[in-house]
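First the structure, in the form of structure tokens, and then the observations on it.
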Amino acid sequence: MKANFLPQNLDDQVMVLMWSADELLPGFAIFLVGIFFDQRIIGILCAIVVTKIYRRSKEGTHDGFLLHWCYHHGLFNTSGTGFPNAHEKEYIP
């Protein structure tokens, strides 16, 4: 039986220039805050620093780590039926 080639990067995140989409969002938000306060240079520098810190913290973890971390610490509105409460010790359906 002949082995088929399976690509390893089908589910990689979208890249925008040199950043992945989840790295770009916090940096872009901080840059917009800098524009709002008329401090563009400081906004750019803070965005670069935050993006580098986020990239370093993301290196040793799995995909979607920030989403799971925010869910675990209760930063999402989980009052709907889609998510069970992460802080309950016993779950009875």
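FYI, it's all coordinate maths here, none of it is from the lab. Worth saying up front: this structure is predicted, and the values here are computed from it rather than measured. Positions of Cβ are backbone-derived with ideal geometry, glycine not excepted, and every protein chain shown enters the neighbour counts.
Could you check the simple spin-label distance between PHE37 and LYS58, using points 7 Å along Cα→Cβ, in nm with one decimal?
In this crude spin-label approximation the distance works out to 2.4 nm.
Starting from the Cα gyration tensor of region 15-72, take the square roots of the eigenvalues, sort them a ≥ b ≥ c, and report rounded, prolate or oblate (rounded when a/c is under 1.5, otherwise prolate if a/b is larger than b/c, else oblate).
Numbers: a/c = 2.43, a/b = 1.91, b/c = 1.27.
Prolate, since a/c reaches 1.5 and a/b exceeds b/c.
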